[in-house]
Amino acid sequence: MTLWTEYPDGIIQVRLPLGQPLPWINSYLIQGKEGLTVIDPGPRSEAAIAIWHQVCERFGYQYTDIGQIVLTHHHPDHYGLAGWLQQHSGAPVRMTRAGNEQADGLWGPGRPLAARIAALFGEHGLPQSRLHEVLDHFAAGTAGVEPRPTVTELSLGERLRIGDRSFEAIDTPGHAAGHVSLYGEESGVLLCGDLVLPESLPNVSYVPGYDVDPIASFTASLEQVESLPVRLALPGHQNPFSAFSERLVALRKLHSERQEKIEQSLGTEAVDAYELSQRVFGQAVSVLQLRFYLGETIARLHHAVQRGKVKSIRSEGGTGYVRIYPN
Ligand SMILES: [Zn+2]
């Protein structure tokens, strides 16, 4: 894996290793006269830290040359290293309020959001044994984000100086509540986080207490960026690309096909979301994958219920779903 690639406008794509199904996350180091900006510093891992050391050495920077760290969203592969990099640079970490609240709920005192997600999964048919795996996974995840950064709130619509250009923080929820994309209108560069990936459909999961219909939000976010004349899209995973509108068309199609698949996998007999997630996605090979599969299945069922396509049936054993057939 090539560790970094340089783009015009002082942009360096830094690839930091993850695992399957996304082998790496992109962090972007953007150089300007007024200092460096790091977008999404990456996961808290020794491998990622070693790569940051190499990047600094190769380009002749000190960590203290970093003027700001900006996060597109709070997921640990993007946010994990933010606190560490803040300690080494002294730079402010900019993130939306919703992102920061979720980070607190997942990894802060008592981890209440992690408990709510686990309870949601239990209500949707996840067996007890697997529920423990999910809770353990959340608990273990805390080490992957420490030390946690002190966050300076990033407002939706705020303009930021990144490199030598002005960028606008555009509200693009769906993949995560509080997710922003950063658009530089002079350069036509869009830092799109995990809203638009060139080779896969981003996961959209339901998170209790935030977005009631993240599937609808994701669609609206794609529409939101559709009118932008994007010359270069810098995604959170896979590689930068320029055929942006073509990719949006393809993504919308994949997104609605996935939705139909979920709805059509239901019949007149109530099925819980866990069972349905296995029918649609197959057996998860890791706890992370299980969370993605089940979280997305629940999000899509909520969306179908909102649109009158599916009905939820609550019983003592949990929530089941049936399809509504038009007469
Ligand atoms: Zn993400």
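Report the FRET efficiency, 1/(1 + (r/R0)^6), for Glu34 and Ser227, where r is their Cβ-Cβ distance and R0 is 30 Å, rounded to 0.05. Walk me through the intermediate numbers first.
Working: r = 30 Å, r/R0 = 0.98.
According to the calculation, E is roughly 0.50.
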Considering only the chain, percent of DSSP beta bridges that pair antiparallel, nearest 5: 75 percent
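Kindly state, to the nearest 0.05, the FRET efficiency for Ser256 paired with Thr64, given R0 = 41 Å and r defined as their beta-carbon distance.
Details: r = 48 Å, r/R0 = 1.16.
Taking R0 as 41 Å, the efficiency between Ser256 and Thr64 is 0.30.
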Using θ = phi - 60° and Karplus 6.51 cos²θ - 1.76 cosθ + 1.60, couplings along the range 240-245 (whole Hz; Gly, Pro as x): x, 8, 10, 7, 6, 5
Under 27 Å Cα to Cα from Lys261, which lysines show up? Leave out anything in the same chain fewer than 8 places away. Lys253, Lys309, Lys311
Per-residue counts of other Cβ atoms within 10 Å, averaged by peptide: what ranking do you get for 101-110, 249-258, 174-183, highest first? 174-183, 101-110, 249-258
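If one computes P(r) from the Cα atoms of the chain, what percent of pairs lie at distances over 28 Å?
Counting pairs separated by more than 28 Å, the tail of P(r) holds 40 percent.
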Amide N proximity, the range 122-136 versus Val305 label position 7 Å along Cα-to-Cβ, cut-off under 20 Å: 122-127
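Values in this text are rule-based calculations from the coordinates and carry no lab data. Being a predicted model, the structure only gives us computed values, none of them experimental. Positions of Cβ are generated from backbone atoms using ideal geometry, with glycine treated the same way; all protein chains shown enter the neighbour counts.
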